[in-house]
Each structure stands twice: as structure tokens, then as C-alpha cells.
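Structure record follows, encoded as C-alpha cells.
The values are calculated or read from the model by the stated rules, or taken from the named source; none is laboratory data. Everything numeric in this text was worked out from a predicted model, so none of it was measured. So basically every Cβ, Gly included, is an ideal-geometry build from the backbone, and we count neighbours across all protein chains shown.
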Amino acid sequence: MERLFCKNERAVLQTRLDAGGHLITLVPVASILVASIRLHGVDVRLHLKYPGPNDIPCRAPFRKGEEMGWFELGSTIIVFAPPALRLADDVSEGAVVQMGQPLFRLA
């Protein structure tokens, strides 16, 4: 499909870690065929035809291991972290990451 990746649904979530207060940005990307992104703390279904505002303030607290939301059928999440955080030793390109597995460690 032409310009497929321009049609993906995205959300930008910014959060601070309790340890050190480091800002982490998560970008859930739902492919065009996935339908939507659902986030706890935001009472709307995010999809390409969502008519609402583009900026939805949300201050939903989450604990380690808690679900933040889900894709309807699945997709991916891009994670942006500051240089003060390094990838955990067992996380590398192409590695499978399991629920609860640490992604980062303090540099």
C-alpha cells in the first residue's frame, strides 16, 4: 500500500521514572489494519478516524508491570530514553522482550 507508514495510528506517551526522574517517551504504533490503540486513563479509542483532540492530557499513574493499554490485534512500541539510561545486558537488537523484563539500567 502506498505511503503505508504515513497512515499508522500513533500515540505519544511521556512518563517519568520513579528512580531518578528520567523522562521516557513511548510511541505505540498501530498498523493500518490493526484498528486502534486503547490506553488506560484515556476514555477514547484512538484510531485513524478519531474526531477528537490531538492532545489529550492524562495523568494516569502506573506501577511496575501494570498494563498501560493495548492494541486491538497488535503492533509495536518505540521507546525513547535519555543517555543516562543504558539498555539492560540481555536486551539487544532483534531480542525478544518479555513482560516484566528490565529494558534499561542506569549508566
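Among the residues that make up the range 31-39, is at least one of them surrounded by 14 or more Cβ atoms within 10 Å (Cβ to Cβ), among the polar types (S, T, N, Q) and in contact with a Lys or Arg (Cβ under 8 Å, 6 or more places away or on another chain)?
yes
Tell me which of these Arg86 doesn't satisfy, since it passes every other one: (1) modelled with pLDDT under 80; (2) touching a Phe, Trp or Tyr at 6+ places or on another chain (Cβ under 8 Å); (3) among the charged types (D, E, K, R).
With respect to (1) modelled with pLDDT under 80; (2) touching a Phe, Trp or Tyr at 6+ places or on another chain (Cβ under 8 Å); (3) among the charged types (D, E, K, R), Arg86 is out only on (1).
Test Leu103 against the criterion of being within 15 Å of the chain's Cα centre (by Cα), modelled with pLDDT of 80 or more and farther than 23 Å from Glu9 by Cα, and give yes or no.
yes
State whether one or more residues within the range 69-86 are charged (D, E, K, R) and out of contact with any strand residue (DSSP E or B) (no Cβ under 6 Å at 6 or more places or on another chain).
Looking through the range 69-86, at least one residue is charged (D, E, K, R) and out of contact with any strand residue (DSSP E or B) (no Cβ under 6 Å at 6 or more places or on another chain).
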